[in-house]
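Enquirer: The structure is given below, and queries will be raised subsequently.
The values are calculated or read from the model by the stated rules, or taken from the named source; none is laboratory data. No experiment lies behind these values; they were computed from the predicted model shown. Virtual Cβ from ideal backbone geometry, glycine too; neighbours counted across all protein chains shown. The protein model used for the area step is the full one, side chains on, heavy atoms only, and it has no ligands, DNA or RNA in it. Shrake-Rupley method; radii C 1.70, N 1.55, O 1.52, S 1.80 Å.
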Amino acid sequence: MIKVYKGNLLFTKDIGKLTIIEKGYLVVKNGKIVEVTKELPKDVKKEDIVDYSDKLIIPGFVDIHLHAPQVNNIGLGADMQLLEWLDNYTFPEESKYKDIKYAENSYKALINKLWENGTTSSVIFGSIHNESNLLLAELLEDAGLKAYVGKVNMDRNSPDFYIEDTEKSLEDTEEFIKSISKFKNIKPIITPRFVPSCTEDLMKGLGELANKYDLKIQSHLSENTGEITWVKELHPVCKNYIDIYEKYGLLRENKTVMAHCVFSNKEEIEKLKKYNVTVAHAPVSNGNLASGIAPVYDFVNEKVNVGMCSDISGGHEINLAKVVTMGETFGKIKWLSDGEKYNYLGTIDYFYMATKGSGKYFENVGTFEKGYDADFLIIDDSNISDINDRNLNERLKRFLYIGDSKNIIKRYISGKEIGKPY
Ligand SMILES: [Zn+2]
């Protein structure tokens, strides 16, 4: 079935290159993009055209790293750094997801927020609890959103009330993988919390499970100096943090996403390249927890794929448009503090990372090229721009900087309009 959406189309094919089709047509067949064109294709029936005339049509946002069971902690603990924040805020909060009713209320609220802010796909950490992780997957599937959902694994250096036995952690993971294989839009992902929380046996077992079921993997890497020192103490034989994930089969080629990489050195960047790891860039979180500013320019220069993420609740901003603008701001501060040795990245570069950059992890998401999933947002920016005076590039930037979720008037996923989930 063909549907044609008329409006001002804005999307990226490569970093920094915005494609603009003014008063164009987005042609969708069976949920996939057939073409974007300036001319209305022949043989299209009038009733198959949806006219959004003056509105902007952009790809849905892809949040490549967030923690679902931290939704009720957003805005708390920003006076602490990572390890202290985990102990004081994160672990006590995540442990509450043992209670399925608490999980249901919180996850419905989170999914509404994702929907509201135009996040059509996301890569999500759950908690250690299978029952609430499965519920999260079900709620996402029913909402019509796309996601990878991971059962978190942690069997050391964690509080008594939120820790697993190694064998049980692996068994639960396998059970979780099997139980969510029935979903269409939700897929499992292997999720070791981070190296300090996982014994070598656990990491080895998770690497084997990833291999057995051919799964993607998500974790954290080189986020904070205290964390990196601790990792070195725990694994003195490994030269860099990333080597530990490599040792246990947790760097699967094209299938791994690592959040932060704030302190990734040249050698670590080489390994990110070798395994085609996607870096989940979390500028808001890295600012809140005083972690630092990731070398995004180096990643891009070295052709490491970078996606944008909210990192709820290290980050407090679930709206990826705002994460885009914070990424740009932090990038400029880094450029200045590094002595202006390189060009800094601009709004459209970060917009690319929040759509096609993150979307690459889903393979066919985040842009309007032929064959990609028709995941898009309709933006009414008439209250923030003089639409007769501003060009489309300026209107997009105005939306990203000063727009909000109310400017998103429709959301489509695989060509289907998605209403408010809960
Ligand atoms: Zn995280």
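Enquirer: State the number of residues belonging to region 229-251 that are open to solvent by 40 Å² or more (accessible area, probe 1.4 Å) and either within 16 Å of the ligand (Cβ to nearest atom) or in contact with a helix residue (DSSP H, G or I) (Cβ under 9 Å, 6 or more places away or on another chain) (or both).
Expert: Going through region 229-251 one residue at a time, the tally reaches 7.
Listed here are the residues, each with its yes/no results for (1) more than 11 Å from Ile378 (Cβ to Cβ); (2) surrounded by fewer than 17 Cβ atoms within 10 Å (Cβ to Cβ).
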residue: Phe11; (1), (2): yes, no
residue: Ile15; (1), (2): yes, no
residue: Leu18; (1), (2): yes, no
residue: Val34; (1), (2): yes, no
residue: Thr37; (1), (2): yes, yes
residue: Lys45; (1), (2): yes, yes
residue: Ile58; (1), (2): no, no
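Enquirer: May I pose another question? Restricting to region 271-289, name every residue that is under 13 Å from the mean Cα position of the chain (by Cα) and either assigned to a loop (DSSP other than H, G, I, E, B) or of a type in the set (Phe, Trp, Tyr) (or both).
Expert: Ala282
Enquirer: Kindly evaluate Ile58 against the criterion of being within 16 Å of the ligand (Cβ to nearest atom) and farther than 26 Å from Thr229 by Cβ.
Expert: Here the answer is no, as Ile58 does not meet what is asked.
Enquirer: Go through region 292-340 and give me each residue that's more than 14 Å from the chain's Cα centre (by Cα) and on the phi > 0 side of the Ramachandran plot.
Expert: Gly292, Lys303, Gly339, Glu340, listed by residue number.
Enquirer: Just a yes or no: is a residue in region 88-101 open to solvent by 20 Å² or more (accessible area, probe 1.4 Å) and under 26 Å from Gly359 (Cβ atoms)?
Expert: Within region 88-101, not a single residue is open to solvent by 20 Å² or more (accessible area, probe 1.4 Å) and under 26 Å from Gly359 (Cβ atoms).
Enquirer: Here is a further query. May I ask you to list the residues in region 206-227 that are over 23 Å from the mean Cα position of the chain (by Cα) and either within 22 Å of Phe91 (Cβ to Cβ) or without any contact (Cβ under 8 Å) to a residue 12 or more places away in the chain (or both)?
Expert: Lys212, Thr225, Gly226
Enquirer: Further question on the same structure: Pairs only if they're at least six apart or on different chains, beta carbon under 7 angstrom, first in region 141-168 and more than 30 Å from Gly419 (Cα to Cα), second open to solvent by 10 Å² or more (accessible area, probe 1.4 Å) and hydrophobic (A, V, I, L, M, F, W, C); list them, first residue then second.
Expert: Met154/Ile128; Met154/Ile163; Asp155/Ile163; Tyr162/Ile128; Glu164/Ile128
Enquirer: Only one of (1) within 16 Å of the ligand (Cβ to nearest atom); (2) assigned to a loop (DSSP other than H, G, I, E, B); (3) crowded, with 21+ Cβ neighbours inside 10 Å fails for Asp155. Which number is that?
Expert: Going through the list (1) within 16 Å of the ligand (Cβ to nearest atom); (2) assigned to a loop (DSSP other than H, G, I, E, B); (3) crowded, with 21+ Cβ neighbours inside 10 Å, Asp155 breaks only (1).
Enquirer: From the list Ser132, Ser169, Ser197, Ser127, which residue is small (Gly, Ala, Ser), closer than 21 Å to Met258 by Cβ, touching a Phe, Trp or Tyr at 6+ places or on another chain (Cβ under 6 Å) and open to solvent by less than 10 Å² (accessible area, probe 1.4 Å)?
Expert: Every option except Ser127 fails the conditions.
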